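Novice: For reference, the structure I am asking about is given below.
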Amino acid sequence: MIDCGEGAQMQLRKSRLKFSRLNHVFISHLHGDHCFGLLGLISTLGLLGRTADLHIHSPHGLEELFGPMLAFFCKNLTYKVFFHEFDTKEPLLIYDDRSVSVTTIPLRHRVPCCGFLFEEKPRPNHIIREMIDFYQVPVYELNRIKNGADFVNPEGEVIPNERLTRPSEPVRKYAYCSDTSFYQKIVEQIKGVDLLFHEATFAQTEKRELKRRITARLLKQEK
Ligand SMILES: [Zn+2]
């Protein structure tokens, strides 16, 4: 989960994602709309009888704020909550497993804040079933072949890997950048991502138009 505002639990329910599959929460910065939902979520996970550890990644200071509240409100949690805090000045690799890595993206906001770059790892090639049957490749060879090896049959003939597999899907990258003002420095880091989530409020040149819209809305409400 990326950030955990007040409505996070509701959204999680609405999207029909399993609460039990949530193991890591990435908090971009310590503003209420990005972390007020944490306490409720942690408590709910406890009520659901969770036993797996929950990891919360955030800029420095979150544990100091939430530690006492957890100690007070969530005394008998059935699982452990771990806080992993980091500095937001430079990009840092904060999570890495065999399928994905997460790196922080330093952002420009009123308080220390960072975005997150999620990068998938390349997956093994897909086996072409018909070719595997045709060349009578034994099962114990399949893992090597998925990872790019050629097959040598008992007669010593080499079957090139391209004939036995097709490439896996290209890796995807997702950059989450909120909250921030325009910050040229991040461009190099997020270049080429497949999906970008970025703050996009009004520019200075649209100030007059924004004022007009707000006034119009207020007048409408008054009626
Ligand atoms: Zn903020």
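The values are calculated or read from the model by the stated rules, or taken from the named source; none is laboratory data. Keep in mind that what you see is a predicted model, and the values were worked out from it rather than measured. Neighbour counts run over all protein chains shown; Cβ positions are idealised from the backbone, glycine included. Heavy atoms of the whole protein, side chains included, go into the accessibility calculation; ligands, DNA and RNA do not. Shrake-Rupley method; radii C 1.70, N 1.55, O 1.52, S 1.80 Å.
Novice: Quick one: Karplus J couplings for segment 9-23, per residue in order, coefficients 6.51, -1.76, 1.60, θ = phi - 60°, nearest Hz, x for Gly and Pro?
Specialist: 4, 4, 4, 4, 5, 4, 7, 6, 7, 6, 4, 6, 7, 7, 10
Novice: Give the calculated FRET efficiency between GLU119 and GLU199 to the nearest 0.05, with a Förster radius of 22 Å applied to their Cβ-Cβ distance. Each step should come with its number before you reach the end.
Specialist: On the way: r = 21 Å, r/R0 = 0.96.
Once rounded, the FRET efficiency stands at 0.55.
Novice: Now for a different question. Please give every one of the lysines within straight-line cross-link reach of LYS75, meaning a C-alpha to C-alpha distance under 26 Å, and leave out same-chain neighbours fewer than 8 residues apart.
Specialist: The qualifying lysines are LYS18.
Novice: With unit charges on the beta carbons (Lys and Arg positive, Asp and Glu negative) and the dipole taken about the Cα centre of segment 125-223, which residue among LEU196, LEU219, GLY148 sits farthest to the positive side?
Specialist: The residue sitting most towards the positive pole is LEU219.
Novice: OK, next. With equal scatterers on the alpha carbons only and no solvent term, can you work out the Debye log10 of I(q)/I(0) for the chain at 0.09, 0.10 1/Å?
Specialist: -0.58, -0.67
Novice: Next question. Keeping all protein chains in place, calculate the accessible area per residue for segment 124-168 (probe 1.4 angstrom), answer in Å². Display every interim value, and only then the final one.
Specialist: On the way: 3160 Å² over 45 residues.
Computed with neighbouring chains in place, this is 70 Å² per residue.
Novice: As a test, work out the antiparallel percent of DSSP beta bridges whose residues both lie in segment 54-184, rounded to the nearest 5. Before the final figure, lay out each step's value.
Specialist: Numbers: 18 of 24 bridges.
Counting DSSP beta bridges with both partners in segment 54-184, the antiparallel share is about 75 percent.
Novice: What does DSSP give for the chain in terms of the percent of beta bridges that are antiparallel, rounded to the nearest 5?
Specialist: On the way: 19 of 33 bridges.
Taking every DSSP beta bridge with both residues in the chain, the antiparallel ones total about 60 percent.
Novice: Tell me, what is the 1.4 Å probe accessible area of GLU64, in Å² to the nearest 10?
Specialist: Roll a 1.4 Å probe over it and GLU64 shows about 150 Å².
Novice: Rounded to whole Å and ordered largest first, report the semi-axes of the equivalent ellipsoid of segment 124-168 derived from its Cα gyration tensor (root of 5λ). Don't jump to the answer; show the numbers that get you there.
Specialist: Working: eigenvalues 47, 21, 18 Å².
That gives 15, 10, 9 Å for the three semi-axes.
Novice: Any lysines with Cα under 30 Å of the LYS220 Cα? List them, leaving off those in the same chain fewer than 8 positions away.
Specialist: Output for LYS220: LYS207, LYS211.
Novice: Take peptides 13-21, 156-164, 96-104 and line them up by average Cβ neighbours within 10 Å, highest first, as a rough protection proxy. Don't skip to the answer; put the middle values down first.
Specialist: Numbers: 13-21: 9.3, 156-164: 12.7, 96-104: 14.4.
Ranking, from highest mean packing down: 96-104, 156-164, 13-21.
Novice: Sticking with this one: All other residues with a Cβ under 14 Å from the Cβ of PHE83 taken together, and with Lys, Arg as +1 and Asp, Glu as -1, what is their net charge? Walk me through the numbers before you get to the answer.
Specialist: Values: positive: LYS80; negative: ASP53, GLU63, GLU64, GLU85.
Once all neighbours under 14 Å are counted, the net charge is -3.
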